[in-house]
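Worksheet for the structure shown next.
The values are calculated or read from the model by the stated rules, or taken from the named source; none is laboratory data. Source: prediction; values computed, not measured. We place every Cβ from the backbone using ideal geometry, glycine too, and count neighbours over all the protein chains shown. Surface accessibility is based on the protein's heavy atoms, side chains included, excluding ligands, DNA and RNA. Shrake-Rupley method; radii C 1.70, N 1.55, O 1.52, S 1.80 Å.
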Amino acid sequence: MSELLNVQDLKTNFYTYEGVVKALDEVSFKIEEGDTLGLVGETGCGKSVTSLSIMRLIFPPGKIESGKVIFNLKNNSKSRYVDLLKQTEHWMQMIRGNEISMIFQEPSSALNPVYTVGEQIAESFLLHQKRQLYQEAASKIDKELTKKRNFFIQRITLSIEKKMCQLALKEKETFIFKFLSHIPLLNMHLHRIKKIALDKSVVLLRMMGVPNPEGVVYRYPHELSGGMQQRVVIAIALACHPKLLIADEPTSNLDVTIQAQILDLIKELKKTMKASVLFISHDLGVIAEVCRWVAVMYAGCICELATVEELFENPLHPYTRALLRSIPRPGIKNLESIEGNVPNLVNPPSGCRFHPRCPKAKEKCTRVKPKIKKVGKDHFVACHFYGD
Amino acid sequence: MSPELLQKKEKIRKRLEPRIKELKFSLSRIKKSPLSMVGLCIILFFAIIALLAPVIAPPKYPYDPYRIPRYGYSATPKPPSWEHPFGTTEGQYDIFYGVIWGTRTAFRIGFMVVGSIMVIGIILGSLSGYYGGIIDEIIMRIVDTFMSIPTLILAMALVTALGHSLDKVMIALIIVGWPSYARLIRGDILSVREETYIEAARATGVSDFGIIFKHILPNAIYPLLIMASLDIGAMVLTAAALSFLGLGAPIGYADWGQMISFARNWIIGPPGKPLAYWYTVTIPGIFILLFVLGWNLLGDAFRDILDPKLRRK
Amino acid sequence: MKMTNYIIRRLLLIIPVLIGVSIIIFIILSLFSPEQRAAVFVTDVKQLRNIQSVIKKHGLDAPIYVQYFRWIVEVLHGNLGWSKTAERPVLDAFFYFLPNTIELGLFSAPLIILIGIYLGETSAVYRDKPIDHLSRIFAIVGWSLPSFWLGLMLLMIFYGYFSGLLPPEALGVQASLVVKSGNFVRFTRINTIDALLNRRWWIFLDALRHLILPVITLTIIDCAMVMRIMRSSMLEAMGKGYIITARAKGADERTVIKKHARRNAMIPVVTVSGYLFAMLMSGVVITETIFDRKGLGWWWARAAIQLDIPAVLGAVLFNGILFVLTNLIVDLLYAYFDPRVRLG
């Protein structure tokens, strides 16, 4: 197994009226190919910012300050490592939705209310798989042309369409081609590839377990239930078989029963599509169900990273311990809460960001920020009490 | 100070803290927004002109300072000179005197009209929003009806009926203007009404009007002020348009709209000098434009500052 | 089926507004003396010679509610009185003046909407950049400009300084002679369209030349509102979740703005376009007066000055009806733009 994503010392700030919010402070983690990493932490600890930084979807007033996001663009089992933060915006657009894609927290707001579900899924195909679509279109036209019972007019329109498809396949979309595509009668190839993309969306939706996908593609998002909407969002994300799927709290706004269905779906799709997943949640229980690895985040830093079993068996960081103690479980009567409040990230605590709330904090914790260190097989922790 | 008093003070401070913070934030944004500062300066400039009008342009008829003095009866306007810095218009009315005293007229129209429609709007809007039911239904139907006719046309009809004069123009504008305020206040009250703290206030036995004045209006005050600021400009503009059409102030009254209507026949000069009478139309027009612009800039800046949707976090 | 049902229901909703408008008109009417009111009830100027008989015939000295119902009956029969400024019955005068106003609206409304939307969108996309500041300044100055002053200034420059380049009135002398002559068929009585239908290109160009200044005046003043609404709704749309989804899909900035944000941002613009129409009518009164285009606004302004009561009240009634109808259209458009809105 090789490494798919390697995030190193990622730093992201937001320049607001109140001051500079240091949302991410040297976040580092890795995801192996085919693996699942869960990112857990309280609201506002920087989970979503991490995912958006990886996608480079941070817009002013936010800014990715430094660090590396190394992604493995594997081609024919040959690894090619690229730092996403150094690429052009145009290059990133080819990666987004194609190699890395994302599922969002709130399905109702993640879908554009004025377009049908089908149009929105088809857009993914149209953005990244135009070549395949044109090839399919061309072969379909050929098939239709061989049919005997064609009217003369039909033959002419079909051959125009074919010409346009060939033009699109031969040279990349030039200005002339784009101009011609706006003229009625010459733009029929566009309708055809849209139709093909729509057919693909139907197949995809069926895979997502949406009943009656042929009808659903013509529906608008508000006509679907929350669970169905989330399936559509997942379909959009998985349309182009990405290598990495970032799921940002995909289930936290859904009913419990639907939550389970969506989790099962993600697990199943992960297997069939052979994608790696970065799963973000504030719910350790959900993470334990889906992931192999967990990273615990606190106030913009990763404080512990381990396999799920290791973390639950042997939590080391005081924050992780407190977090585990605060999960309701059968048999445990009084839950503990963590003393104090989440720090304001404009003026984060010096040293270890957890020290004001840490029961064990000593003088060093207030001064020196702990580095993340290996403390066992598959176990890393950022705390002065562990390691060397 | 007794500890009780201190505690009370602390309580008040705590309750006001978010408001003060908000105010400070708004003020800092006003300072940073150059446009709102420009607007403020323009309005201050006009306020000074209006206050010092008797000094800047001493009236010829002290018993009726709004009458523009005439210097002859010739129809042809005369260009700016030392005696008449902005020239004279058709019928030899002094333009300088007219625009200076016209500032007072503009302020009077703006404040009187917007002040009245605010009061009427708040009262009817509160009644409508707070009591609901049949009162709400009747008031809102009236509002709908008034809002279905363009401002200028309804005002024109009213002025035709009431008679042509500046006071009648103001009455007409008040009749035309109140519905939008009533609707705004009603909407605010409806949205605030169900909130928990209103329920709490009601539970503690605060009277209806107490609730409206203490809890609902303070929340609605910002949008109201924005609207008022923008409306002062709009109302002065409409009044000027009516005066321009010949429905407003009597001839010779210091009013910007009328001064432009004096200039209507003189936009084109004698052959060879097409722009000979430029001052008759340009100068009063610039006064109207700047005055309205000042209020609009202020209202606009306030809207941007206070609009939570557009606010940068 | 749903559509027709909806339209019928909406048309029924017009009735209360119209009753309201009629009450307003009648209240205004009752402020006049019976002698002045008489003109509202006659259809021919000859009847006005004997005012006392008109007063008696139409019961203008009867109790107020009786008068109201009598007046309503007259209105329902299409009798809106005699307009002395137009020298014809109000309803006739209305159709006489309408084409010129339609022509003005036909040219300025699309410009107002297109320029307003374009400026608002650019402003939002390049928020706080120079272009944003420029278009906002343009909008706020346009909003503050007195339309009558702007019109006069434009005339001063383009009619005075550039001697007669863009003249006032609706048509030049020669062109209007041809238009009034027998061998020019007046299909719609809208100059530009008729000229095209008659294939008199020079008349078309002449009409166009006369249209430029009034259209510019209306556009500068009214597109500010569209611009500001578009800008704020565009800013709102750009912050929505579906924009991040589109970006995460790999859509380029152009697609994100033109496809995903714009369509959503248009919805609030559509909802206020009814008010835009009302504003346009106010603007028409001023522009037509200044540019001496004999349209509805020109007629109403003269009527108001000359105390032509039937014409002024007719204006109020017409605008009330127009407002209700435009809002019906706006509602239909709204449903088209926003699939979440269901008719019915």
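Which residues, counting only those in segment A:189-206, are among the hydrophobic types (A, V, I, L, M, F, W, C) and free of Cβ contacts under 8 Å to residues at least 40 places away in the same chain?
Result: A:190, A:203.
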Inset, instruction - Can you give me the ranges of the helices (runs of 4 or more DSSP H) entirely in segment A:244-349 with at least 3 residues that are open to solvent by 70 Å² or more (accessible area, probe 1.4 Å)? - result: A:256-273, A:308-313
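Scanning for something within 17 Å of the chain's Cα centre (by Cα) and surrounded by 23 or more Cβ atoms within 10 Å (Cβ to Cβ), does segment B:153-165 turn up at least one residue?
Of segment B:153-165, the ones within 17 Å of the chain's Cα centre (by Cα) are B:155.
Retained after the next criterion (residues that are surrounded by 23 or more Cβ atoms within 10 Å (Cβ to Cβ)): B:155.
Yes, segment B:153-165 contains at least one residue that is within 17 Å of the chain's Cα centre (by Cα) and surrounded by 23 or more Cβ atoms within 10 Å (Cβ to Cβ).
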Legend entry - Given (1) of a type outside the set (Ser, Thr, Tyr); (2) over 30 Å from residue A:271 (Cβ atoms); (3) at pLDDT 85 or above; (4) surrounded by fewer than 17 Cβ atoms within 10 Å (Cβ to Cβ), number of the condition residue A:18 does not satisfy: (3)
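What helices (runs of 4 or more DSSP H) completely inside segment A:42-148 contain at least 1 residues that are among the acidic types (Asp, Glu) and away from chain C (no Cβ under 12 Å)? Spell out how you get there, then give the answer.
Values: elements: A:47-54, A:89-95, A:107-110, A:117-128, A:130-146.
Qualifying helices (runs of 4 or more DSSP H): A:130-146.
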Legend entry - Complete set of residues in segment A:353-378 that are buried (at least 19 other Cβ atoms within 10 Å of the Cβ), in contact (Cβ under 8 Å) with a residue 40 or more places away in the chain and not β-branched (Val, Ile, Thr): A:353, A:354, A:358
Legend entry - Sole residue being buried (at least 23 other Cβ atoms within 10 Å of the Cβ), touching a residue at least 12 places away in the same chain (Cβ under 8 Å) and out of contact with any Gly (no Cβ under 9 Å at 6 or more places or on another chain), chosen from C:198, C:191: C:191
Inset, instruction - Select from segment B:113-148 the residues that are within 10 Å of chain C (Cβ to nearest Cβ), among the aliphatic types (A, V, I, L, M) and open to solvent by 10 Å² or more (accessible area, probe 1.4 Å) and list them in ascending order. - result: B:142, B:147
Inset, instruction - Answer yes if at least one residue in segment A:318-331 is free of Cβ contacts under 8 Å to residues at least 24 places away in the same chain and either under 25 Å from residue A:123 (Cα atoms) or touching a Lys or Arg at 6+ places or on another chain (Cβ under 7 Å) (or both), and no otherwise. - result: no
Inset, instruction - Determine whether segment B:91-112 contains at least one residue that is within 14 Å of chain C (Cβ to nearest Cβ), under 19 Å from the mean Cα position of the chain (by Cα), within 20 Å of residue B:230 (Cα to Cα) and free of Cβ contacts under 8 Å to residues at least 24 places away in the same chain. - result: no
Inset, instruction - Identify the residue in segment A:179-197 that is touching a Ser or Thr at 6+ places or on another chain (Cβ under 9 Å) and in a helix (DSSP H, G or I) and, among all such residues, is nearest to residue A:118 (Cα to Cα). - result: A:197
Inset, instruction - Output the residues belonging to segment C:151-173 that are part of a helix (DSSP H, G or I), more than 8 Å from every other protein chain (Cβ to nearest Cβ) and in contact (Cβ under 8 Å) with a residue 24 or more places away in the chain. - result: C:151, C:154, C:158
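Consider residue A:133 carefully, then state whether it is more than 22 Å from the chain's Cα centre (by Cα), surrounded by 14 or more Cβ atoms within 10 Å (Cβ to Cβ), at pLDDT below 80 and not polar (S, T, N, Q). Can you show your working first?
Working: more than 22 Å from the chain's Cα centre (by Cα): yes; surrounded by 14 or more Cβ atoms within 10 Å (Cβ to Cβ): yes; at pLDDT below 80: no; not polar (S, T, N, Q): yes.
Considered against the rule, which asks whether it is more than 22 Å from the chain's Cα centre (by Cα), surrounded by 14 or more Cβ atoms within 10 Å (Cβ to Cβ), at pLDDT below 80 and not polar (S, T, N, Q), residue A:133 comes out as no.
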Inset, instruction - Give segment A:23-66 a look and list any residue that's touching an Asp or Glu at 6+ places or on another chain (Cβ under 9 Å), touching a residue at least 24 places away in the same chain (Cβ under 8 Å) and open to solvent by 30 Å² or more (accessible area, probe 1.4 Å), or say none. - result: A:26, A:28, A:30, A:32, A:33, A:48, A:56, A:66
Inset, instruction - Could you tell me whether residue B:208 is within 21 Å of the chain's Cα centre (by Cα), more than 14 Å from chain C (Cβ to nearest Cβ) and surrounded by fewer than 15 Cβ atoms within 10 Å (Cβ to Cβ)? - result: no
Legend entry - Output for segment B:224-256, where each listed residue is crowded, with 21+ Cβ neighbours inside 10 Å, within 12 Å of chain C (Cβ to nearest Cβ) and in a loop (DSSP other than H, G, I, E, B): B:247, B:248
Inset, instruction - Given the conditions (1) surrounded by fewer than 21 Cβ atoms within 10 Å (Cβ to Cβ); (2) closer than 29 Å to residue A:134 by Cβ; (3) more than 14 Å from chain C (Cβ to nearest Cβ), report the number of the one that residue A:211 does not fulfil. - result: (2)
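Within segment A:136-150, can you find the residues that are under 15 Å from residue A:191 (Cα atoms) and open to solvent by 60 Å² or more (accessible area, probe 1.4 Å)? Outline the logic, then answer.
Of the residues in segment A:136-150, the ones under 15 Å from residue A:191 (Cα atoms) are A:136-138, A:140-141.
Correct list: A:136, A:140.
I need a count of the residues in segment A:151-171 that are part of a helix (DSSP H, G or I) and open to solvent by 100 Å² or more (accessible area, probe 1.4 Å). Write out each step before concluding.
At the first step, the residues of segment A:151-171 found to be part of a helix (DSSP H, G or I) are A:152-170.
Still in the list and also open to solvent by 100 Å² or more (accessible area, probe 1.4 Å): A:152-153, A:163, A:170.
Within segment A:151-171, residues that are part of a helix (DSSP H, G or I) and open to solvent by 100 Å² or more (accessible area, probe 1.4 Å) number 4.
Output the residue which, of all residues in segment B:257-272 that are among the aliphatic types (A, V, I, L, M) and touching a residue at least 60 places away in the same chain (Cβ under 8 Å), is surrounded by the fewest Cβ atoms within 10 Å (Cβ to Cβ). Reasoning before the result, please.
Here is the first cut: in segment B:257-272, the residues among the aliphatic types (A, V, I, L, M) are B:259-260, B:263, B:267-268.
Still in the list and also touching a residue at least 60 places away in the same chain (Cβ under 8 Å): B:259, B:263.
On the way: B:259: 30, B:263: 26.
Taking the candidates together, the pick is B:263.
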Legend entry - Search result, residues across segment C:293-315 that are at the interface with chain B (Cβ under 7 Å from one of its Cβ atoms) and either assigned to a loop (DSSP other than H, G, I, E, B) or surrounded by fewer than 24 Cβ atoms within 10 Å (Cβ to Cβ) (or both): C:305, C:307
Inset, instruction - Please determine, by comparing only the residues of segment C:238-276 that are part of a helix (DSSP H, G or I) and touching a His at 6+ places or on another chain (Cβ under 8 Å), which one is nearest to the other protein chains (Cβ to nearest Cβ). - result: C:242
